[in-house]
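Trainee: The structure is given below, and queries will be raised subsequently.
Every number here is computed from the coordinates shown, using simple stated rules; none is lab data. Bear in mind the structure is a predicted one, so any value in this text is a computation, not a measurement. Ideal geometry is used to build each Cβ from the backbone, glycine not excepted, and the neighbour counts take in all protein chains shown.
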Amino acid sequence: MHAVLAGAGVGGLTAAAALSARGVRVTLVEREPALLEAGAGVQLSPNAVRVLRGLGLGDGLSAVAFAPEAAEVRDAATGRVLLSTALGEAAVARWGAPYLTVHRADLQQLLAETLAARGVIPRLGVAAAGLEQGAEGMRLILSDGGAIEGDIAVGCDGLRSAVRAALWGEGAPRYSGQIAWRALVPAERLLEGLIPPKVCVWLGPGRHFVHYPVRGGRLVNFVGAVERGRPGDESWTDRGDPAEALADFRGWPAPVLALLEAADEVWRWPLFERASLPAWRQGRVSLLGDAAHPMAPFLAQGAAMAIEDAEALARHLSAARRPDAGLAAYESERRPRTTRVQQLSARNAQLFHMPAPAARLAYRAARALDAAAGEASRLDWLYGWGR
Ligand SMILES: Cc1cc2nc3c(=O)[nH]c(=O)nc-3n(C[C@H](O)[C@H](O)[C@H](O)COP(=O)(O)OP(=O)(O)OC[C@H]3O[C@@H](n4cnc5c(N)ncnc54)[C@H](O)[C@@H]3O)c2cc1C
């Protein structure tokens, strides 16, 4: 079988690795002239790490990642811990794989090296521009006037997927009403001990702030989400003004202010959303990752879902007798789970920005659940996937 993938982000790279590991021939095209090094970190929960380890990335990940001890949600006004989830060894014991945080560029590099070792080199600087399908195959039409023929195609081309548009004719995504300030700060610029070895989420009305170490603790990643009117442009990676970011969190706790003050440059990422699709596939063409199910980043699961999709796609395609049946089985497995995660991510967008008393109540309920059913059992369905 020959699979043609559009988009070499986390989803496309992982899908290419998973498919080639099962003997599927892969062609991967990427619009950008180089694999993008987005200046940001990403949390990889155990469900994602398990897939990446299965693809042989375990040692590489251990070398570049950070394993946070816990994830803590705090009230920014009082500093009080609203919810704490043990990670580190507890994550391995509970979910069978570690919870890791990485620099996105490190993850992309590891995936690209894994692919290169299998002889798969992404074709860079060429975009998917259209599709043609027949009973026996499909053609992905490229921006340079060429085309690639294959048995199936999968759009891994992100939020503004050209493949999704070709299949389902949707327009632009909606602005969600929030922007995210993002940066990576060298740990050496920060007072020792100020940033705990944890994923920390600070909540306040209309905004929240997340930070965690990456790259073995040498860098600290942060994301500060703020409710805002429509931004003037729709760029993903717009350089922002550090003073404006700092002003958005005036009066917040010391770790938040220290990170904002230590950042040389910050990125301002407007956050977008789309409604869930009632179906992904048409014939021999389907979708994966953000192209299929873009989600608010507030459950830290967008990349993890793309990574899970990749494993499921390879598993179903290699087991199916016909390519379209493989794509149908992949969608039947993935759409319910990713829709649930999309919905929970959207709910967190509201929960995180509630007035303090309402947020305290909501987290009291989560703590009660932990006490009754065992700590963090509420996350078993999510992080224990594929165990
Ligand atoms: C602030 C923020 C924080 C986040 N934090 C986390 C986190 O901690 N954990 C987590 O799991 N997720 C997180 N996410 C979500 C995660 O970043 C995305 O869900 C993930 O990157 C999706 O991967 P993807 O490969 O589907 O899409 P993308 O990463 O968007 O990759 C799409 C690729 O396709 C290429 N492309 C686009 N159009 C075309 C075309 N026509 N032809 C060819 N190539 C094309 C693009 O250049 C790009 O390389 C976060 C998101 C945000 C915004």
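Trainee: Quick one: among Arg315, Arg118, Arg268, which has the greatest mean-square fluctuation in a GNM of the chain with alpha-carbon springs under 10 angstrom?
Mentor: Arg118
Trainee: Given 37 °C and 0.692 mPa s, compute D for region 151-286 with the Stokes-Einstein relation, Rh being the Kirkwood radius over Cα pairs; round to the nearest whole µm²/s.
Mentor: 193
Trainee: To check you understand DSSP bridge types, tell me what percent of the beta bridges within the chain (both residues inside) are antiparallel, rounded to 5.
Mentor: Restricted to the chain, the bridges split so that about 75 percent are antiparallel.
Trainee: Within 10 Å of each residue's Cβ, count the other Cβ atoms and sort Thr14, Thr339, Thr78 from fewest upward.
Mentor: Thr78, Thr339, Thr14
Trainee: Quick check on the chain: helices-only [θ] at 222 nm, where DSSP H runs of length 4 and up contribute -39,500 (n - 2.57) each and the sum goes over total residues. Nearest 500, please.
Mentor: It comes out at -11500 deg cm²/dmol, rounded to the nearest 500.
Trainee: For the chain, count all C-alpha to C-alpha pairs, find those more than 36 Å apart, and express that count as a whole percent of the total.
Mentor: 21
Trainee: What is the fewest-to-most order of Cys156, Cys200 by other Cβ atoms lying within 10 Å of their Cβ?
Mentor: Ranking Cys156, Cys200 by Cβ neighbours within 10 Å, fewest first, gives Cys200, Cys156.
Trainee: Another question, if that's okay. Bin all alpha-carbon pair distances of region 22-118 at 10 Å intervals from 0 and give each bin's fraction as a whole percent.
Mentor: Going out from 0 Å in 10 Å bins, region 22-118 shows 14, 37, 30, 14, 5, 1 percent.
Trainee: Oh, and also: Full-extension gain between Ala358 and Ala172, please, as 0.36 nm times their residue separation minus the C-alpha to C-alpha distance.
Mentor: Contour length minus the Cα-Cα distance gives 63.6 nm.
Trainee: For a footprinting-style exposure proxy, rank Trp267, Trp381 by other Cβ within 10 Å, fewest first.
Mentor: Trp381, Trp267
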